[in-house]
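The values are calculated or read from the model by the stated rules, or taken from the named source; none is laboratory data. These figures come from a predicted structure and were not determined experimentally. Cβ coordinates were reconstructed from backbone atoms using ideal geometry, including for glycine residues, and neighbour counts include every protein chain displayed. In case anyone asks, the SASA skips ligands and DNA or RNA and just uses the protein heavy atoms, side chains included. Shrake-Rupley method; radii C 1.70, N 1.55, O 1.52, S 1.80 Å.
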Amino acid sequence: AARTEASQIGYRLIGCAASILSVGRLAETETRLRRFDGMYRWFLFRGCPQRDASGTLVGWCGVNTDIEHQRRSFDSLPGLVCMNTPDGEIEDVNATTLTYTGRTLEEIRNWACTVHPDDVPAVVARKTHAMTTGEPFDVDVRILRADGVYRWFHCLGLPFRDSDGRIIRWYDLLTDIDDRKHVEDMLRASEQQFRAIVDSIPGLVALVNASSGEIEVVNRPVLD
């Protein structure tokens, strides 16, 4: 497992370095580096191009900043949090997400396996629009829990930009709204039942606001 993790870290750093060299501009990624005692700690790896007065690239400056404490705060968030690349691919998730879904990070990167099949098209449409426009997105989606139960979540996706305004990462926060959804369904069912009863009354019925005196609801016989 440790060798696999180390390989993944290596691939991520190589990919970031290749991206930096190809575009010739500031880029960054977060990854774990092994300390002398064998413990892994999270670091922010940032590469910045160095240019002369004419704009010619003459070198690179790479800085690794220890962000272990920030990452622990990330893992302690009660909601499900995903960190995505600029093109929307899942780069990392917090510990709460792993626990809730009962899946590994590699499995979650195929995010469709955790989303109710009926909700996938809406998520794809919203994310595609956000990636194209750079606008935040939100969508209600059912997420599969580790015990096989789907619960409703509100997903809010926000872009994170560098000093030049380029999107370098997306953050998704998923908040459990399953109880609220059930209450809304009950209210809708209750309203439909109320309408059916009122519309079946043979007389003319109107519901009037007590403070303003305005008519709020009338039954079908009134409209007819």
Inter-label distance for Arg195 and Leu33, nm, one decimal - labels placed 7 Å from Cα along Cα-to-Cβ: 6.2
Helices from the chain with mean Kyte-Doolittle at least -1.0 and a Cα length along the axis of 30 Å or more, per DSSP H: which? 2-23
Amide H proximity to Val217 below 5 Å, modelled H, separation 5+ or other chain, gives Leu207
Can you pull out the GluC sites (Glu not before Pro) in segment 41-135 that DSSP calls coil and that have at most 13 other Cβ atoms within 10 Å? Glu89
Would you kindly calculate the translational diffusion coefficient of the chain, applying Stokes-Einstein with the Kirkwood radius from alpha carbon pairs, for 4 °C and a viscosity of 1.567 mPa s, and quote it in µm² s⁻¹ without decimals? 60
What FRET efficiency comes out for the pair Val222/Asp185, r = Cβ-Cβ distance, R0 = 35 Å, nearest 0.05? 0.80
Can you sort Thr56, Thr101 by 1.4 Å-probe accessible area, starting with the largest? Thr56, Thr101
Over the chain, what is the mean sequence separation of C-alpha contacts under 8 Å (at least six apart), divided by residue count, expressed as relative contact order in percent? 11
Once a ≥ b ≥ c are taken as the square roots of the eigenvalues of the Cα gyration tensor of segment 48-136, is the result rounded (a/c under 1.5), prolate (a/b larger than b/c) or oblate (a/b not larger than b/c)? oblate
For a label point 7 Å from the Cα of Gln70 along Cα→C-beta, name the residues of segment 34-59 whose backbone N is under 14 Å from it. 42-47
Can you give the % of DSSP beta bridges in the chain that are antiparallel, to the nearest 5? 100
Tally up the carbon and sulfur contribution to the accessible surface of the chain as a whole percent, 1.4 Å probe, everything protein left in place. 57
At R0 = 22 Å the Cβ-Cβ FRET efficiency linking Leu156 and Ala112, nearest 0.05, sits at 0.70
Sparse-neighbourhood loop hits (GluC sites (Glu not before Pro), segment 169-224; DSSP loop; Cβ within 10 Å at most 13 others) -> Glu214
